[in-house]
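So the structure is just underneath, and the comments pick up after that.
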Amino acid sequence: MSSYGEDDMEHLSYPIGRFAAKENRTAEERNQDIQMIGRLSAGLSEAVRPLTSEQLNTPYRPGGWSVAQVVHHLSDTNMFAYLRFKRGLTEDAPQISTYRQDLWAEQSDYLEEPIESSLRLMEHLNPRFMTLLGSLSEADFARIFVSAGLGTMSLDTAIQRYIWHNSHHIAQITSLIKRSGW
């Protein structure tokens with residue numbers, strides 16, 4: 001049995017808090033988001049590259065995924081988000097399916113593949129995503145998609161969620177590193 005209380009588990013699960021979209025954003029705020037995307041994969045790499053195999057296979061919280069599983073999860077969700085975004089730009093309110101993240105995390109590519117492949121994927125995906133985002137108009141950011149899991153979402157909200165999701169998982173990892181004294 002864990003010695004963590006409910007508030008502790010909430011903080012371990014959501015170290016930067018739960019997602020909350022900001023409405024009526026400016027072009028400057030969006031530009032800052034685009035620049036932030038360029039720093040996400042470097043921040044993740046910086047956090048995990050010094051870790052040993054044993055540390056990479058340590059869950060970030062009791063009952064949570066290992067650090068390696070989180071890295072692979074970020075790679076998959078970032079690819080999924082990029083494709084979701086492109087569908088939102090090229091289709092009228094497309095229906096976006098969900099996927100079983102819990103089951104994906106149990107597949108051999110999460111459990112056996114070195115994290116380097118996922119780090120490289122994100123390193124190459126994010127600049128491409130930045131190029132796409134940098135070309136969008138105000139009206140483009142207002143376009144929507146309908147997610148089976150998240151409901152109707154504008155591309156403006158989706159980009160905020162993308163950054164939060166990456167930052168949230170990076171914080172889970174860095175919180176574990178700090179708690180563990182690694």
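Structure above, values below:
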item: Within the stretch 1-34, tally of residues that are part of a helix (DSSP H, G or I) and closer than 17 Å to Arg161 by Cβ; result: 6
item: Condition check for Tyr99: touching a helix residue (DSSP H, G or I) at 6+ places or on another chain (Cβ under 9 Å), at pLDDT below 95 and either closer than 24 Å to Gln160 by Cα or open to solvent by 60 Å² or more (accessible area, probe 1.4 Å) (or both); result: yes
item: Out of Ala68, Ala21, Ala42, Ala47, sole residue that is surrounded by 13 or more Cβ atoms within 10 Å (Cβ to Cβ) and more than 25 Å from Glu116 (Cα to Cα); result: Ala21
item: Hey, Glu106 over 15 Å from the mean Cα position of the chain (by Cα) and closer than 23 Å to Ser66 by Cβ or not; result: yes
item: Verdict on Leu89 being open to solvent by less than 80 Å² (accessible area, probe 1.4 Å), within 18 Å of Arg39 (Cα to Cα) and part of a helix (DSSP H, G or I); result: no
item: Residue under evaluation Gln35, criteria (1) farther than 14 Å from His169 by Cα; (2) open to solvent by less than 70 Å² (accessible area, probe 1.4 Å), criterion not met; result: (2)
item: Test set (1) of a type outside the set (Val, Ile, Thr); (2) open to solvent by less than 70 Å² (accessible area, probe 1.4 Å); (3) in contact with a Pro (Cβ under 8 Å, 6 or more places away or on another chain) - Gly151 fails condition number; result: (3)
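The values are calculated or read from the model by the stated rules, or taken from the named source; none is laboratory data. Values in this document were obtained by computation on a predicted structure and should not be read as measured data. Cβ atoms come from the backbone with ideal geometry, glycine included; neighbour counts cover every protein chain shown. Each accessible area value is taken on the protein alone, full model and side chains, heavy atoms only, with ligands, DNA and RNA left out. Shrake-Rupley method; radii C 1.70, N 1.55, O 1.52, S 1.80 Å.
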